[in-house]
Amino acid sequence: MLPRHVAFIMDGNGRWAKEQGLPRNQGHRAGTNNLKRLIKYARKKEIEMLTFYAFSTENFSRPMSEVSFLFSLISEYFQREIQEMVEEGMRVHFLGDLSLFPSPVRMVLDKTERLTAKGDAIQVNIALGYGSRKEILAAVNSLLKEGVREVDEELFASRLYTAGMPDPDLIIRTSGEMRLSNFLLYQGAYSELYFTDLYWPDFDTEAFEEALTEYGSRSRRYGGIEEK
Ligand code: IPE
Ligand code: IPE
Ligand code: MG
């Protein structure tokens, strides 16, 4: 059985670079190189949706030089790739508080969403300026503002950045860390978790395939008992 929606916590760029004797920023650059291959592979497998955690609300606490490098890397990446993304039928969507980003970067992100809006081969979400707690509180506050007095799961989910999307079936984190770091805390309530020691720049399609095989062997019971 294959997942509909796979989410990645792309971790370990800095340590990858350090091991190669390179500056951290080179690790971030290397970390963008495998994206295309992973997306193509997922499309071949008919996985509907991928989500990549690229920059958290907490990542703003990094040194300014690293934060601005990441901003330029992100905007260069989408400027360079947008044409091919459209041709490949990718629908790109950003999850997070984009108002935290400088306006030239935001313009590139907006343009990417606009030009890929009709893509129907695969949806690719990029979590940027994303933090689950912030997302949940923003949802609560928007409902309060409307004077809503009672909330059900459907209404609540409709106020999250992931409104209308299926929950992630599988969350993969690289670099050996075993935590969620404020990623999809509500949506991931029943996600299968997969951890690998590989650093993100080394996470290739073979590693992805291994994760999918492991996912296929899991028994998702959702609190029930296994059906035979
Ligand atoms: C993940 O790699 C990328 C971002 C969080 C932007 P890191 O930069 O966290 O790499 P490590 O964890 O320091 O190795
Ligand atoms: C998680 O990685 C965030 C992203 C991959 C964007 P971090 O490197 O920021 O997480 P912590 O600080 O180790 O929990
Ligand atoms: Mg990290």
_Of everything in the stretch 63-83, what is touching a residue at least 40 places away in the same chain (Cβ under 8 Å), more than 16 Å from ligand 3 (Cβ to nearest atom) and charged (D, E, K, R)? Give them in sequence order._
Glu81
_I'd like the residue in the stretch 197-228 that is open to solvent by 60 Å² or more (accessible area, probe 1.4 Å) and of a type in the set (A, V, I, L, M) and, out of all such residues, is nearest to Leu50 (Cα to Cα)._
Leu198
*What are the pairs, 6+ residues apart or on separate chains, where a residue within the stretch 194-214 that is among the polar types (S, T, N, Q) has its Cβ under 6 Å from a residue that is open to solvent by 40 Å² or more (accessible area, probe 1.4 Å)?*
Thr205/Arg37
*Out of curiosity, is Thr174 over 24 Å from Glu88 (Cα atoms) and within 16 Å of ligand 1 (Cβ to nearest atom)?*
yes
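Here are Asp204, Asp120, Asp167, Asp152: which of them is more than 16 Å from ligand 1 (Cβ to nearest atom) and closer than 28 Å to Leu100 by Cα? Walk me through it before giving the result.
Values: Asp204 fails: closer than 28 Å to Leu100 by Cα; Asp120 fails: closer than 28 Å to Leu100 by Cα; Asp152 fails: closer than 28 Å to Leu100 by Cα.
Step by step, each of Asp204, Asp120, Asp167, Asp152 is checked, and only Asp167 is more than 16 Å from ligand 1 (Cβ to nearest atom) and closer than 28 Å to Leu100 by Cα.
Go through the stretch 50-64 and report how many residues are within 20 Å of Tyr77 (Cα to Cα) and away from ligand 1 (no atom under 11 Å from the Cβ). Even if it seems obvious, please write down each step before you answer.
At the first step, the residues of the stretch 50-64 found to be within 20 Å of Tyr77 (Cα to Cα) are 50-56, 59-60, 64.
Within this subset, residues satisfying the condition of being away from ligand 1 (no atom under 11 Å from the Cβ) are 50-51, 64.
The total comes to 3.
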*Restricting attention to the stretch 92-149, and to residues there that are open to solvent by 30 Å² or more (accessible area, probe 1.4 Å) and among the acidic types (Asp, Glu), which single residue is farthest from the chain's Cα centre (by Cα)?*
Glu146
*Among the residues of the stretch 126-134, is there at least one that is touching a strand residue (DSSP E or B) at 6+ places or on another chain (Cβ under 7 Å), closer than 17 Å to Glu48 by Cβ and in a loop (DSSP other than H, G, I, E, B)?*
no
*All but one of (1) within 16 Å of ligand 3 (Cβ to nearest atom); (2) open to solvent by 50 Å² or more (accessible area, probe 1.4 Å) hold for Arg173, so report the exception by its number.*
(2)
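State the number of residues belonging to the stretch 21-51 that are of a type in the set (S, T, N, Q), more than 16 Å from ligand 3 (Cβ to nearest atom) and over 17 Å from Ser181 (Cβ atoms).
Within the stretch 21-51, the first condition is being of a type in the set (S, T, N, Q), and the residues that meet it are 25-26, 32-34, 51.
Of the ones still in play, those that are also more than 16 Å from ligand 3 (Cβ to nearest atom) are 33-34, 51.
Filter again for over 17 Å from Ser181 (Cβ atoms), leaving 33-34.
Residues meeting the conditions: 2.
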*What residue, of Glu113, Glu58, Glu66, Glu76, is within 26 Å of Pro3 (Cβ to Cβ) and among the charged types (D, E, K, R)?*
Glu113
*Only one of Phe60, Phe55 is among the aromatic types (Phe, Trp, Tyr), under 23 Å from Ile171 (Cβ atoms), open to solvent by 20 Å² or more (accessible area, probe 1.4 Å) and touching a residue at least 24 places away in the same chain (Cβ under 8 Å); which?*
Phe60
_Failed condition for Gln20, given (1) surrounded by fewer than 19 Cβ atoms within 10 Å (Cβ to Cβ); (2) free of Cβ contacts under 8 Å to residues at least 24 places away in the same chain; (3) within 9 Å of ligand 1 (Cβ to nearest atom)_ = (3)
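Residue by residue, here is whether (1) assigned to a strand (DSSP E or B); (2) within 14 Å of ligand 3 (Cβ to nearest atom); (3) on the phi > 0 side of the Ramachandran plot holds:
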{"position": "Pro3", "(1), (2), (3)": "no, no, no"}
{"position": "Tyr53", "(1), (2), (3)": "yes, yes, no"}
{"position": "Phe94", "(1), (2), (3)": "yes, no, no"}
{"position": "Ser99", "(1), (2), (3)": "no, no, no"}
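Could you please find all residues in the stretch 11-29 being in a helix (DSSP H, G or I) and acidic (Asp, Glu)?
Glu19
The values are calculated or read from the model by the stated rules, or taken from the named source; none is laboratory data. All values derive from a computational prediction rather than experimental measurement. Heads up, the Cβs are rebuilt from the backbone with ideal geometry, glycines too, and the neighbour counts pull from every protein chain shown. Only protein heavy atoms, including side chains, enter the accessible area calculation; ligands, DNA and RNA are left aside. Shrake-Rupley method; radii C 1.70, N 1.55, O 1.52, S 1.80 Å.
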